[in-house]
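Structure record follows, encoded as structure tokens.
The values are calculated or read from the model by the stated rules, or taken from the named source; none is laboratory data. Quick caveat, the model's predicted, so the values are computed rather than measured. Note: ideal-geometry Cβ built from the backbone for every residue, glycine included; neighbour counts use all protein chains shown.
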Amino acid sequence: MDLFSYREGLLHAEDVPVDALARDYGTPLYVYSKGTLDRHCEAFEAALSGIPHLICYAVKANGNLAVLNLMARHGCGFDVVSEGELRRVIAAGGDPSRVVFSGVGKRREELAFALRQGIRCLNAESLPELAAISEVAADLGVVAPVAIRVNPDVDARTHPSISTGLRSNKFGIPIEEALGAYREAARDPHLSVQGIDCHIGSQMVSGAPILEALDRLLILLDGMQRDGIGVGHLDLGGGLGVIYGDEEPPSPQDFYSGIIERLRGRGLSLYIEPGRAMVANAGILLTRVVFKKQNGERRFLVVDAGMNDLVRPALYNSWMDIITARKGTGEGETCDVVGPVCESDDFLGRDRRLDAGEGDLLAVRGAGAYGSSMSSNYNARPLACEVMVDGSRVHVVRARQEFADMWKGESLLPGQSDAR
């Protein structure tokens with residue numbers, strides 16, 4: 001059941017009409033559905049029930065503390081890529097011992113912080129990083145739990161900007177070099193080899209690429225076992241796609257069934273790192289039409305949300321569904337939905353047929369992932385308010401940023417206060 005739906009011609013978030021949300025909290029406004037997040041957590045848990053597992057929610061998709069806290073309540077672990085994300089998890093009540101730390105450029109300070117917190121596993125992406133982890137662990141007098149991120153050179157058949165498992169990508173160690181890297185890690189007294197890590201891409205609408213990658217990893221695993229290098233888990237990352245338009249991704253059950261079958265009897269725990277699939281369709285971005293204008297033959301709806309609020313369309317040319325808050329009575333006109341930011345690529349959607357005009361409210365669907373987490377203050381625009389709807393209750397989970405907060409920490413040069 002879609003918890004963002006029309007009732008009597010008006011879009012609702014669970015039991016709350018979105019025009020009431022816009023009236024009470026202003027626009028642009030991120031709206032999350034707790035019921036949808038609950039349902040997605042339960043679906044992933046059910047899909048992996050046949051194998052020991054750990055669901056590590058990818059914090060980069062949406063790091064709001066309320067979202068992270070909800071994931072922790074459902075028993076999720078977390079996948080982080082920075083010290084800041086790990087600190088967010090801790091602030092939200094997450095358990096560091098259920099956190100894996102990914103990312104190609106971890107600084108030594110970040111590694112030290114993670115080890116002091118008792119992190120579950122560091123996913124090393126290069127031999128220099130393994131050496132750095134060893135040095136930091138030695139300085140702290142601990143043994144660092146590690147997995148090596150293996151690049152299997154598998155095409156995830158997704159957008160080039162979100163493909164991560166090809167030889168040309170910056171991520172991981174090439175699979176033909178991985179056994180040598182594991183041998184080196186296994187000999188290091190400051191490292192404890194825990195698992196194999198792999199992530200090939202995002203927004204996958206087929207399970208075939210991940211099975212191809214898994215088959216290559218299992219060959220590596222067999223070689224490691226012959227060398228006496230045992231591991232306790234296999235981390236296959238995230239990547240399951242969501243519906244933005246006409247995509248037809250598999251359900252979590254279907255996506256992971258083949259993986260579970262291949263791992264049966266191997267005594268491994270399966271770690272996964274879903275992000276987008278957990279939160280994308282649990283959120284919308286509400287925005288109001290400021291002006292309706294026409295340049296020659298081109299029509300525009302100029303709205304109060306811009307690329308600083310939602311950068312995916314401008315950054316990836318991503319298609320995101322845009323609907324009116326009130327069901328129109330006519331067919332509408334084909335127009336571009338554009339924002340107020342001073343960039344030609346500041347758009348939310350192109351060539352959309354919408355029955356809307358000045359003052360009307362629009363909703364961008366699928367905005368729960370990589371929306372607020374990628375937002376910025378470009379053009380000195382405050383970060384949007386975020387609310388979580390739970391039935392008929394509304395919780396402000398991030399207040400709208402005040403103007404003065406944007407330059408907090410900045411300072412003027414000393415000298416004349418009236419300097420030009």
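For region 1-82, give me every one of the helices (runs of 4 or more DSSP H) that falls completely inside it and has 3 or more residues that are assigned by TED's automatic domain parsing to the domain that holds residue 263 and not acidic (Asp, Glu).
Of the helices (runs of 4 or more DSSP H) lying wholly inside region 1-82, those with at least 3 residues that are assigned by TED's automatic domain parsing to the domain that holds residue 263 and not acidic (Asp, Glu) span 34-47, 65-73.
Pull up region 75-124, narrow it to residues that are of a type in the set (D, E, K, R) and over 28 Å from residue 41 (Cβ atoms), then point me to the one that is surrounded by the fewest Cβ atoms within 10 Å (Cβ to Cβ). Talk me through it step by step, then tell me what you get.
The initial filter retains those residues of region 75-124 that are of a type in the set (D, E, K, R), namely 79, 83, 85, 87-88, 95, 98, 106-110, 116, 120.
Filter again for over 28 Å from residue 41 (Cβ atoms), leaving 107-109, 116.
Values: 107: 13, 108: 12, 109: 10, 116: 12.
By that ranking, first place goes to 109.
Could you tell me which of the residues 28, 52 is modelled with pLDDT of 95 or more, crowded, with 21+ Cβ neighbours inside 10 Å and not acidic (Asp, Glu)?
Result of the check over 28, 52: 28.
How many residues are over 21 Å from residue 140 (Cα atoms) and outside any loop (DSSP other than H, G, I, E, B) when one looks only at region 91-121?
Residues meeting the conditions: 1.
So residue 161 clears everything in (1) part of a helix (DSSP H, G or I); (2) modelled with pLDDT of 85 or more except one condition, right? Which one?
Unmet for residue 161, out of (1) part of a helix (DSSP H, G or I); (2) modelled with pLDDT of 85 or more: (2).
Is at least one residue of region 218-229 part of a loop (DSSP other than H, G, I, E, B), free of Cβ contacts under 8 Å to residues at least 60 places away in the same chain and closer than 17 Å to residue 124 by Cα?
The answer is yes; a qualifying residue exists.
Do the conditions hold for residue 226, that is, is it in the same structural domain as residue 400 (by TED's automatic domain parsing) and either modelled with pLDDT of 95 or more or surrounded by fewer than 22 Cβ atoms within 10 Å (Cβ to Cβ) (or both)?
No, not satisfied.
Tell me, which strands (runs of 3 or more DSSP E) lie completely within region 251-368 with 1 or more residues that are outside the structural domain of residue 40 (by TED's automatic domain parsing), aliphatic (A, V, I, L, M) and surrounded by fewer than 21 Cβ atoms within 10 Å (Cβ to Cβ)?
283-295, 298-303, 322-324
What pairs can you find where one residue is in region 234-246 and in a loop (DSSP other than H, G, I, E, B), the other is among the aromatic types (Phe, Trp, Tyr), and their Cβ atoms are less than 6 Å apart, with a gap of 6+ or different chains?
Qualifying pairs under 6 Å: 244/319; 245/319.
Picking from 123, 151, which residue would you name as being modelled with pLDDT of 95 or more, touching a Lys or Arg at 6+ places or on another chain (Cβ under 7 Å) and closer than 28 Å to residue 267 by Cβ?
After applying the criteria, what remains is 123.
I'd like the residue in region 54-100 that is polar (S, T, N, Q) and under 13 Å from the mean Cα position of the chain (by Cα) and, out of all such residues, is nearest to residue 399 (Cα to Cα). Before the answer, list the steps.
First pass over region 54-100, keeping only residues polar (S, T, N, Q): 62, 64, 69, 82, 97.
Then keep just the ones that are under 13 Å from the mean Cα position of the chain (by Cα); that gives 62, 64.
On the way: 62: 16, 64: 11 Å.
So, considering only residues that are polar (S, T, N, Q) and under 13 Å from the mean Cα position of the chain (by Cα), the one nearest to residue 399 (Cα to Cα) is 64.
Among the aromatic types (Phe, Trp, Tyr) and crowded, with 21+ Cβ neighbours inside 10 Å - does that describe any residue in region 372-382? Quick ask: steps written out before the conclusion?
So in region 372-382, the residues among the aromatic types (Phe, Trp, Tyr) come out as 378.
Filter once more, so that each one left must be crowded, with 21+ Cβ neighbours inside 10 Å: none.
Among the residues of region 372-382, not one is among the aromatic types (Phe, Trp, Tyr) and crowded, with 21+ Cβ neighbours inside 10 Å, which makes the answer no.
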